[in-house]
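The values are calculated or read from the model by the stated rules, or taken from the named source; none is laboratory data. All of these numbers come straight from a predicted model, not from anything done at the bench. Here the Cβ is made from the backbone with ideal geometry for all residues, glycine too, and neighbour counts use every protein chain on show.
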Amino acid sequence: MGKRIVMVGAGLSGAVIGRMLAEAGHKITVIDSRDHVGGNCHTQRDEDTGVMVHVYGPHIFHTDDEEVWNYVNSFTTFMPYKNRVKSTVDGQVYSLPVNLHTINQFFGQALRPDEARDFIKSKAEDIAEPQNFEEQALAFVGSDLYKAFFKGYTEKQWGCSPTELPASILKRLPLRFNYDDNYFFHKFQGMPEDGYTPMIASILDHAGITVKLGEMFDPATAGDWDHVFWSGPLDGFFGYELGRLGYRTLDFKEFRYDGDYQGCAVMNYGNADVPYTRITEHKHFAPWESHEGSVLYEEYSRACEPHDIPYYPIRMVDEKAMLSDYVAKANETTGVTFVGRLGTYRYLDMDVTIREALDTGRAFLAAEEKGEALGAFLKSPV
């Protein structure tokens, strides 16, 4: 007889785990406080323009994980999409990530790849072991490119000096000595033809799954279920009793334009005196469609308050200390597994979220077969 299992959150984690366990014969209830499935991946058609809007900011699917790619394509049709980001700095528009075109344009050069490598090496500062984001950037590209493309943007995005951020953040940003302006380098890249929400709704479309929207789950009732998968904030499960983990949140100022406003999906603004980090023009996320009108977001980053939507875990020293305490509490809790970006307090791309959800579902089924209980985390957040 199948177990009664609740997924708290109707985003990617809850949908993927729920589908797998439903197919194995368990009775799944998915509960979400919002009035839609999809979590922050939620998309919807704008009534006036017909543009598919990424309601909580843009989500671009990219992965090298072939199983994950095949999985999402089994629930929707993915269309080809390459993310080509631009950046406006001091009244000029450049390509990101920093590539050979960016370097030549910025410095007024016509360098070949090998010449550009030597040129940037001459600009880079000799810092053997960078201790923070700023030192890492200076060691990578030198002062000029750092100030133009990284310093102001980072200050706005994280609300602090780059000297306070770990060097590891910048290690994810590529520097290219060719003219490749595809922001991501993964084998599989695309966008769901009809948006993410129908895709996730399709994953949840199973006779063994009941979806309840607009409802809050009370952690005190966790014992009423055979197992709980919690994709809400880790600290929220415990009523924030040890304090609140730090997040950055985003505010979106929507505006409309008759025509094509910026000619690309994402335009960063590197100067610190421009209050928003970027402008996203949503119709360009679906280049196979044609729309006269346009829907755009100015994106502002700030510290997350109690009633805001958390986006980016900060994971600074104070947060990591508190996180260790919450992880200890979670490991003492039975019948609950914490999943997803919020549940594990880690920055996870969509493909990694799905990969971990698939692995978590399989781990649950394997543990059940052995008569064992699944622990609090598939991968420890600390």
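Against the conditions (1) part of a helix (DSSP H, G or I); (2) in contact with an Asp or Glu (Cβ under 8 Å, 6 or more places away or on another chain), where does residue 137 fall short? Just the number, please.
(2) is the only condition that residue 137 fails.
Can you tell me which residue within segment 35-75, out of those that are within 17 Å of residue 201 (Cβ to Cβ) and over 20 Å from the mean Cα position of the chain (by Cα), is surrounded by the most Cβ atoms within 10 Å (Cβ to Cβ)? Working first, answer last.
Let us first name the residues in segment 35-75 that are within 17 Å of residue 201 (Cβ to Cβ), namely 35-45, 52-56, 59, 61, 71-75.
With the extra rule that they be over 20 Å from the mean Cα position of the chain (by Cα), the set shrinks to 35, 45, 74-75.
Working: 35: 9, 45: 13, 74: 10, 75: 19.
Top of the filtered list is 75.
How many residues are crowded, with 19+ Cβ neighbours inside 10 Å and in contact with a strand residue (DSSP E or B) (Cβ under 7 Å, 6 or more places away or on another chain) when one looks only at segment 195-210?
Looking only at that region, the number is 6.
If only one of 54, 36 is more than 23 Å from residue 363 (Cα to Cα), out of contact with any Leu (no Cβ under 9 Å at 6 or more places or on another chain) and in contact (Cβ under 8 Å) with a residue 60 or more places away in the chain, which one is it?
Going through 54, 36 in turn, just one is more than 23 Å from residue 363 (Cα to Cα), out of contact with any Leu (no Cβ under 9 Å at 6 or more places or on another chain) and in contact (Cβ under 8 Å) with a residue 60 or more places away in the chain: 54.
Please specify each residue of segment 325-345 satisfying the condition of being surrounded by fewer than 17 Cβ atoms within 10 Å (Cβ to Cβ) and not acidic (Asp, Glu).
Answer for segment 325-345, where residues must be surrounded by fewer than 17 Cβ atoms within 10 Å (Cβ to Cβ) and not acidic (Asp, Glu): 328, 329, 331, 334, 335.
Determine, yes or no, whether residue 311 is closer than 22 Å to residue 14 by Cα and either over 22 Å from the mean Cα position of the chain (by Cα) or surrounded by fewer than 15 Cβ atoms within 10 Å (Cβ to Cβ) (or both).
Criteria not met by residue 311.
The conditions are (1) in a loop (DSSP other than H, G, I, E, B); (2) among the charged types (D, E, K, R); (3) under 25 Å from residue 290 (Cα atoms), and residue 34 fails exactly one of them. Which is it?
Of everything listed in (1) in a loop (DSSP other than H, G, I, E, B); (2) among the charged types (D, E, K, R); (3) under 25 Å from residue 290 (Cα atoms), residue 34 misses just condition (3).
Counting just the residues of segment 175-192 that are of a type outside the set (Phe, Trp, Tyr) and in contact with an Asp or Glu (Cβ under 9 Å, 6 or more places away or on another chain), which one comes out surrounded by the most Cβ atoms within 10 Å (Cβ to Cβ)?
Here the answer is 186.
How many residues, within segment 1-31, are closer than 13 Å to residue 201 by Cα, of a type in the set (A, V, I, L, M) and either out of contact with any strand residue (DSSP E or B) (no Cβ under 7 Å at 6 or more places or on another chain) or in a loop (DSSP other than H, G, I, E, B) (or both)?
4
Given (1) under 20 Å from the mean Cα position of the chain (by Cα); (2) part of a loop (DSSP other than H, G, I, E, B); (3) modelled with pLDDT under 95, where does residue 175 come up short, assuming only one miss?
Just one mismatch for residue 175, condition (1).
Only residues that are part of a loop (DSSP other than H, G, I, E, B) and more than 28 Å from residue 195 (Cβ to Cβ): list them for segment 326-362, please.
Correct list: 332, 333, 334, 335.
Could you please let me know if residue 300 is modelled with pLDDT of 95 or more, of a type in the set (Phe, Trp, Tyr) and buried (at least 17 other Cβ atoms within 10 Å of the Cβ)?
So residue 300 fails the test.
Condition first: in contact with a Pro (Cβ under 8 Å, 6 or more places away or on another chain) and of a type in the set (A, V, I, L, M, F, W, C). Now tell me which residues in segment 180-190 satisfy that.
Once the filter is applied, which keeps residues that are in contact with a Pro (Cβ under 8 Å, 6 or more places away or on another chain) and of a type in the set (A, V, I, L, M, F, W, C), segment 180-190 yields only 185.
Would you be able to say whether some residue in segment 363-375 is in a loop (DSSP other than H, G, I, E, B), surrounded by 18 or more Cβ atoms within 10 Å (Cβ to Cβ) and touching a residue at least 60 places away in the same chain (Cβ under 8 Å)?
Yes, segment 363-375 contains a residue that is in a loop (DSSP other than H, G, I, E, B), surrounded by 18 or more Cβ atoms within 10 Å (Cβ to Cβ) and touching a residue at least 60 places away in the same chain (Cβ under 8 Å).
Inspect segment 130-151 for any residue being at positive phi and in contact with a helix residue (DSSP H, G or I) (Cβ under 7 Å, 6 or more places away or on another chain) and give the result as yes or no.
Looking for residues that are at positive phi and in contact with a helix residue (DSSP H, G or I) (Cβ under 7 Å, 6 or more places away or on another chain), one finds at least one in segment 130-151, hence yes.
Is one or more of the residues making up segment 342-354 more than 13 Å from the chain's Cα centre (by Cα), in contact (Cβ under 8 Å) with a residue 40 or more places away in the chain and under 13 Å from residue 12 (Cα atoms)?
So in segment 342-354, the residues more than 13 Å from the chain's Cα centre (by Cα) come out as 343-344.
Still in the running and in contact (Cβ under 8 Å) with a residue 40 or more places away in the chain: 343-344.
Right, trim to under 13 Å from residue 12 (Cα atoms) and you get 343.
Yes: segment 342-354 contains one or more residues that are more than 13 Å from the chain's Cα centre (by Cα), in contact (Cβ under 8 Å) with a residue 40 or more places away in the chain and under 13 Å from residue 12 (Cα atoms).
Given the criterion among the polar types (S, T, N, Q), at pLDDT below 95 and surrounded by fewer than 20 Cβ atoms within 10 Å (Cβ to Cβ), identify the matching residue among 132, 104.
On the way: 104 fails: at pLDDT below 95.
So the residue among 132, 104 that is among the polar types (S, T, N, Q), at pLDDT below 95 and surrounded by fewer than 20 Cβ atoms within 10 Å (Cβ to Cβ) is 132.
Residues of segment 85-105 being part of a loop (DSSP other than H, G, I, E, B) and either closer than 29 Å to residue 13 by Cβ or over 26 Å from the mean Cα position of the chain (by Cα) (or both), which ones?
Answer for segment 85-105, where residues must be part of a loop (DSSP other than H, G, I, E, B) and either closer than 29 Å to residue 13 by Cβ or over 26 Å from the mean Cα position of the chain (by Cα) (or both): 90, 91, 97.
Exactly one of (1) under 30 Å from residue 251 (Cα atoms); (2) touching a residue at least 40 places away in the same chain (Cβ under 8 Å); (3) under 28 Å from the mean Cα position of the chain (by Cα) is unmet by residue 154. Its number?
Just one mismatch for residue 154, condition (2).
Mind checking which pairs have a first residue in segment 232-244 that is farther than 14 Å from residue 310 by Cα and a second that is of a type in the set (Lys, Arg), Cβ under 6 Å, 6 or more apart or different chains?
Cβ pairs passing all conditions: 238/329.
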